[in-house]
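Colleague: One structure is given below, represented as structure tokens, and several questions about it will come after.
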Amino acid sequence: MRRLFLVLGFLFATNCDATDLYDGKSLTIPQVFYKDTIYTNVIVSLGNVVSVGGGENSSLLDFFDESSGQLFISSVSFSGNIYNNVVVTIANIQSIGGSQSNQSLTRMIVNSSKNSYTRYFSQIRNPNVKLTTYFQPGSNPLWQNWIPKGMNLVAQAVDSTLTYANGMVALDENWGANILQQNFNVATNTQAINILNFSNPYKTINNAPFFLSVWNDTVATQTNSIVNDPVGMRQTPAHEVFHSVQTALANGPSTVSTIPTWFKEGHCVYIGTYSSDYLGFNSYLVDARPWAIQRAKSAGTPNFLLSQIVGYVADYDSYGIGEIATEFLIGLFGIEKSFNIYKEMAKGLNFNDSFQKAIGINIKTFYSIFEANRQTLLLPVN
Ligand SMILES: [Zn+2]
């Protein structure tokens, strides 16, 4: 059963009451004791009701007896009535909130997420996507190592309609503008400079004919960012091309622009940092996750609920908390469902409805279980 728990995934309800709740379909169990572990907030589908004992409830906890396959329920609320000492069988486990060890929760999430990423990214689903890269002579050769690897991995692995992606490292805007004029049918130098908007250190232009990720290597050199922000820089190739993948999955940049930044950027940072680990640029656990945690604790971010992290503002950092929340989501539900959110949006649903359709739970439930476990998830794992 423990194995089954781990395979089926986990869900965290906010119910702190010790009484179970049955809604006619699902049974929510605040705490259930199994072997040497107390699992919290477990949701199951019932098989048969074996007996209803009545009387006082005997324990704060439920017990699962592996040998009989029976769950002993101390107290359960159903249709406004309380029933004590009920014995049932379980048809299936829908979800499990966690166990008493905080460290083990975070470890379970990270392990599950990493397994899901690795399974998914070891397969190519979009083999014909064409990557073209442009490197201005004199730019840092590290980019020529990282960018093709990171961009190709993501563009080829994710099941999207992206047919091409472009990467460019430029030292000055005129060189970049020339590339746009020569290769993307941009008519004038002024238009090319406007499209390029070269002040950003790195960015992605996410509409046809571009799907162009741009690195400003002059800014990178001035800020010494490859040395000062090694995790941030190494995750950029997979991160930036994933913005193009998001756009392809959601069928347009205007749809993507409605996604809250915790997920829009958090998903990119997740893909960026997990890909950096996968490609051997650095270690996710040693380098990237602590970096994301530090960002999640930076500026005013701790003052905001995840549900409030929706825009590009200086009040909070969407990227770190977004990565940890995306990891939590993927650890619980698997990486494929995270991509399906965009596919639902492409059908015309808004983000919240797409989340519900793709993930299977209401986004409010996800927000509440994330907040309930937020401090735990911000613990380091090694
Ligand atoms: Zn981004």
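Computed from the coordinates by the stated procedures, all read-outs in this text should not be read as laboratory data. The structure displayed is predicted, hence computed values, not measured ones. A quick note on method: Cβ atoms are made from the backbone with ideal geometry, for glycine too, and the neighbour counts reach across all protein chains shown.
Colleague: Using the charge dipole of region 96-196 (Lys, Arg: +1 at Cβ; Asp, Glu: -1 at Cβ; taken about the Cα centre), state which of Asn128, Val158, Thr106 has its Cα farthest towards the positive end.
Modeller: Thr106
Colleague: Can you give me the angle between helix 236-250 and the longest principal axis of the chain, using Cα atoms only, in degrees from 0 to 90, rounded to the nearest 10?
Modeller: 70 degrees
Colleague: Still on this model: Lys343: which aspartates and glutamates have alpha carbons under 18 Å from its alpha carbon, excluding same-chain residues fewer than 8 sequence positions away?
Modeller: Asp159, Glu265, Asp353
Colleague: Find which of Ile361, Thr255, Thr273 sits farthest along the positive direction of the dipole of region 251-381, computed with +1 on the beta-carbon of Lys and Arg, -1 on that of Asp and Glu, about the Cα centre.
Modeller: Ile361
Colleague: Modelling each spin label as a point 7 Å along the Cα-to-Cβ direction, I'd like the Ser257/Asp65 distance in nm, to one decimal.
Modeller: Placing both labels 7 Å along Cα→Cβ, they lie 6.2 nm apart.
Colleague: What ratio of Cα Rg to 2.2 N^0.38 Å holds for region 160-302?
Modeller: With N residues counted in region 160-302, Rg over 2.2 N^0.38 Å equals 1.09.
Colleague: Quick check on region 327-382: what are the equivalent-ellipsoid semi-axes from the Cα gyration tensor, as sqrt(5λ), descending, whole Å?
Modeller: Working: eigenvalues 113, 32, 11 Å².
Calculated on Cα positions only, the semi-axes equal 24, 13, 7 Å.
Colleague: In addition: Would you mind putting 274-282, 78-86 in packing order, based on average other-beta-carbon counts within 10 Å, highest first?
Modeller: Final packing ranking: 274-282, 78-86.
Colleague: Within straight cross-link reach of Lys25, meaning Cα distance under 21 Å, which lysines are found once same-chain residues fewer than 8 apart are removed?
Modeller: Lys25 reaches Lys357, Lys364.
Colleague: Could you pull the Cα extents of the chain along its three principal axes, largest to smallest, in whole Å?
Modeller: 83, 39, 37
Colleague: Using +1 on the beta carbon of Lys and Arg, -1 on that of Asp and Glu, and nothing else charged, what's the dipole of the chain about the Cα centre, debye to 20?
Modeller: The calculation lands at about 640 debye.
Colleague: Per the Kirkwood treatment, what hydrodynamic radius in Å, one decimal, follows for region 295-363 from the mean inverse distance over all distinct Cα pairs? Mind dumping the intermediate values first?
Modeller: Numbers: mean 1/r = 0.0777 Å⁻¹.
This gives a value of 12.9 Å.
Colleague: A further question on this structure: Using Cα centres only, tell me the gap between region 103-171 and region 241-291 in whole Å.
Modeller: Answer, in whole Å: 10.
Colleague: Report, in degrees rounded to the nearest 10, the 0 to 90 angle that the Cα long axis of helix 102-121 makes with the longest principal axis of the chain.
Modeller: That works out to roughly 50 degrees.
Colleague: Report for the chain the percent antiparallel among DSSP-assigned beta bridges with both residues inside it, nearest 5.
Modeller: 70 percent
Colleague: Report the gain in length on full extension from Thr163 to Phe33: 0.36 nm times residue separation, minus Cα-Cα distance, nm rounded to one decimal.
Modeller: On the way: separation 130, 0.36 × 130 = 46.80 nm, distance 5.12 nm.
Residue separation times 0.36 nm, minus the Cα-Cα distance, leaves 41.7 nm.
Colleague: Divide by every residue of the chain the summed helix terms, -39500 (n - 2.57) for each DSSP H run of at least 4, and state the resulting mean residue ellipticity at 222 nm, rounded to the nearest 500 deg cm²/dmol.
Modeller: Working: 17 runs with 174 residues, N = 382.
Estimated from H runs of four or more residues: -13500 deg cm²/dmol.
Colleague: Here's another thing I want to ask about it. Going by C-beta contacts inside 10 Å, put Tyr270, Tyr312, Tyr319 in order with the fewest on the left.
Modeller: Lowest to highest Cβ neighbour count: Tyr312, Tyr319, Tyr270.
Colleague: Please give the direction-averaged projected area of the C-alpha convex hull for region 106-163, in square nanometres with one decimal.
Modeller: Taking a quarter of the hull surface, the average projection is 5.4 nm².
Colleague: Right, another one. Please report, in whole Å, how far the alpha carbons of region 229-362 spread along each principal axis, starting with the longest.
Modeller: 38, 34, 27
Colleague: Next question. So how tilted is helix 335-346 from the main axis of the chain? Cα-based, degrees 0 to 90, rounded to 10.
Modeller: It works out to around 70 degrees.
Colleague: Using a Förster radius of 35 Å, what is the FRET efficiency between Asp23 and Asn128 based on their Cβ-Cβ separation? Nearest 0.05, please. List each step's numbers first, then the result.
Modeller: Details: r = 47 Å, r/R0 = 1.35.
After rounding, the FRET efficiency stands at 0.15.
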